[in-house]
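Rule-based calculations on the coordinates, nothing more; no lab input. Remember, predicted model here, so these are calculated numbers, not experimental data. For neighbour counting, all protein chains shown are included, and Cβ atoms are generated from backbone atoms with ideal geometry for every residue, glycine included.
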């Protein structure tokens, strides 16, 4: 017999079976339970799992199953059954239905008469035949069985009619397990929950090591204080963690979301020209849809900012009058900086000219929100002053 299962035959077991199937501790899924799965290892070290590979014979209904070792978990008190197949075997799938496709499962299964009353105490490689249907379903996995492969057997398929399309109709369902404390090589089980916080797995598809934190697999190491590469971290491990986003933007985890680590300076602009003849500062302009040009900003830790502002201005039919644009800063209903000519940008002339200036505003409260509003006036009530292409920007300052 080439399929061995230890601590199962009622008449005892051979020393060979003990050597082949003695696996030690396994990947836990509970205090008394283990995952079911195939032990990793391959004759070619470039690959992860060589045991129980299902490979079909072209043009036929026969598939080969390669040698390997596995563990199949029973109920909590039943324990885990180590299984070893010491030579390759072949299995033959039944011919297809005349009308409908079906889906079969190839499984590694344990029978234990003491628990299932089957009259058998052995392990077997079996085909669980599905039901032919217009939309076939995968048959249920039997108790005490590990799925190896799923095979679609199309209508009319037989050894004399082309056989199974093994390249497209076979799906590898094998999963892995390792000894407790070992790093699990992921194979069809990347999203299966870890057995305990501190459990590690190597995700070959993503290309990095992961640690189970109790609720999710997290890239490891976290690189505390470092910048995580793009695509590695979906949820921050701590407030203040940084990552490079897929858009090439540095982001910071604020405890609940990823935000740009470097916030662009607040900026606002309008190209909808308007005019005023008011000799006192006003936010409203005539002949424009912009009611008022405003900009909100948060005071930096230094409590100082640079106010950049300007516009394309014209004093209609006058070369002596002046057009003024200046910022007014408020915090709530409190005016922090009043509109005044000394800090403003101004222009005199009947031809448009672009003017701008910068003003440093200090003594702000760090972390407090402020609003800056563009204010305008004419030096002469009889002169129309036009403002176009207006802008404001706020930068932190020392």
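Overview of results
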read-out	value
Euclidean distance between Cα centres, region 191-264 to region 301-362, Å	46 Å
Potential extension, residue 301-residue 341 segment - 0.36 nm per residue separation minus Cα distance	11.6 nm
Candidates 75, 371, 18, ranked by Gaussian network fluctuation over the chain, Cα under 10 Å, top entry	371
GNM result for the chain, Cα springs below 10 Å: residue of 306, 106, 85 fluctuating most strongly	306
Length released on extending from residue 249 to residue 269, taking residue separation times 0.36 nm less the Cα-Cα span	4.8 nm
The chain, helix-only ellipticity at 222 nm - DSSP H runs n ≥ 4, -39,500 (n - 2.57), divided by all residues, nearest 500	-500 deg cm²/dmol
Globularity index of the chain, i.e. its alpha-carbon radius of gyration over 2.2 N^0.38 Å	1.74
368, 26 arranged by Cβ crowding within 10 Å, fewest neighbours leading	368, 26
Alpha-carbon centroids, region 114-171 and region 35-101: separation in whole Å	12 Å
Least to most buried among 52, 387 (fewest other Cβ within 10 Å first)	52, 387
Under 18 Å from the residue 14 label point (7 Å along Cα→beta-carbon), backbone N, region 34-70	67-70
Ascending count of other beta-carbon atoms within 10 Å, so fewest first, for 298, 239	239, 298
Per-peptide average of other Cβ atoms within 10 Å, ordering 6-16, 242-252 highest first	242-252, 6-16
Sites residue 87 and residue 213 - FRET efficiency at Förster radius 41 Å, r taken between beta-carbons, to 0.05	0.45
Label-point gap, in nm, between residue 283 and residue 42 - each point 7 angstrom along Cα→Cβ	6.7 nm
Gain upon complete extension [residue 262, residue 371; 0.36 nm per residue less C-alpha separation]	37.2 nm
